[in-house]
Amino acid sequence: MEIVSIGNQTITEFVLLGFYETAELHLLFFIVFTLIYTSIIIGNMLIIVAVVSSQRLHTPMYFFLANLSFLEILYTSTVVPKMLEGFLQEAAISLAGCLLQFFIFGSLATAECFMLAVMAYDRYLAICYPLRYPLLMGPRWCLGLAVIAWLSAFMVGELIVALMAQLRFCGPNHIDHFYCDFMPLMGLACSDSSIAQMTTFILSVVCLTVPFGLILTSYARIVVAVLRVPAGASRRKAFSTCSSHLAVVSTFYGTLIVLYIAPSAVHSQLLSKVFALLYTVVTPLFNPVIYTLRKKEVHQALWRLLYIKQTETLD
């Protein structure tokens, strides 16, 4: 990776401008996003603890949900702490740190795209093929799908960052964003970034549209299967679950598609940052609630764990 000089000055770090347009609201933003970040960490940690501690939750669905929760913790922790720092003071980050942040964040975002598709496929098999489900989604297949989602995502991130590391960054060293995102960084490159941009565009199309298409197909087939069930509480519950899942998934994929496949549709950098908040903060906040914390089995597992801890303390 090359460090480039401008005159007698050498660029060794970037400054993340964050939401400099609303400086008067920075203290309020710091408090709000600190509370949101804390909620994300606690919510996802509760899910992981519940799944690990309860034998009843050792099923494919909860295995994938625990993976998603672990992913969400890493995902938000890559971006939000630096964003919070920017609300209090100038947030500086080294060139190597900037590329590392994008690598980790981009890889985890891609992994979430794949994991959400795997979870939708799992629900499709469970609802449409209930008798064959234990065979179709056995332990080895579950583990294999999770490993493929994680490894393939980090391979995609590694390829993009390897191309970015070949670029020369001549300045200015101010990144108009709250984290090291791809397009703001490309705007600071003074060497030809066409290969990196084209590769990222192609990979974005594949990694976003294919999983999203699989999710829509899975839920369409689930809806068809549910419509065959006589009207009643079960059908209403199924439709409520599907609609809430699709709302969160559509927000996540929709904002990523707009920012990485059709960035020209966003006409201001402030709007781009607001869109980025949807997939960096909002969906990680709602995912634990929508997918897991509303489920009775999780409530029972957490209450049982709390009761055991209280009993051990009294003894």
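The values are calculated or read from the model by the stated rules, or taken from the named source; none is laboratory data. From a predicted model like this one, the values you see are computed outputs, not experimental measurements. Virtual Cβ from ideal backbone geometry, glycine too; neighbours counted across all protein chains shown. What goes into the accessible areas is simple: the full protein's heavy atoms, side chains included, and nothing from ligands, DNA or RNA. Shrake-Rupley method; radii C 1.70, N 1.55, O 1.52, S 1.80 Å.
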**Fill in**
Considering residues that are more than 17 Å from GLN166 (Cβ to Cβ) and assigned to a loop (DSSP other than H, G, I, E, B), the number found within the range 182-218 is 0
**Prompt:** Quick one: in the range 138-171, which of the residues that are open to solvent by less than 20 Å² (accessible area, probe 1.4 Å) and of a type in the set (Gly, Ala, Ser) is farthest from VAL224 (Cα to Cα)?
**Reply:** GLY157
**Request:** For the range 190-209, enumerate the residues that are touching a residue at least 24 places away in the same chain (Cβ under 8 Å) and either open to solvent by less than 20 Å² (accessible area, probe 1.4 Å) or in contact with a helix residue (DSSP H, G or I) (Cβ under 8 Å, 6 or more places away or on another chain) (or both).
**Result:** SER193, ILE195, ALA196, THR199, THR200, PHE201, LEU203, SER204, CYS207, LEU208, THR209
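Yes or no: LEU135 of a type outside the set (Phe, Trp, Tyr) and open to solvent by 50 Å² or more (accessible area, probe 1.4 Å)?
Values: of a type outside the set (Phe, Trp, Tyr): yes; open to solvent by 50 Å² or more (accessible area, probe 1.4 Å): yes.
Spelling it out, LEU135 is indeed of a type outside the set (Phe, Trp, Tyr) and open to solvent by 50 Å² or more (accessible area, probe 1.4 Å).
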**Prompt:** Any residue at all in the range 30-53 that is modelled with pLDDT under 90 and of a type in the set (Phe, Trp, Tyr)?
**Reply:** no
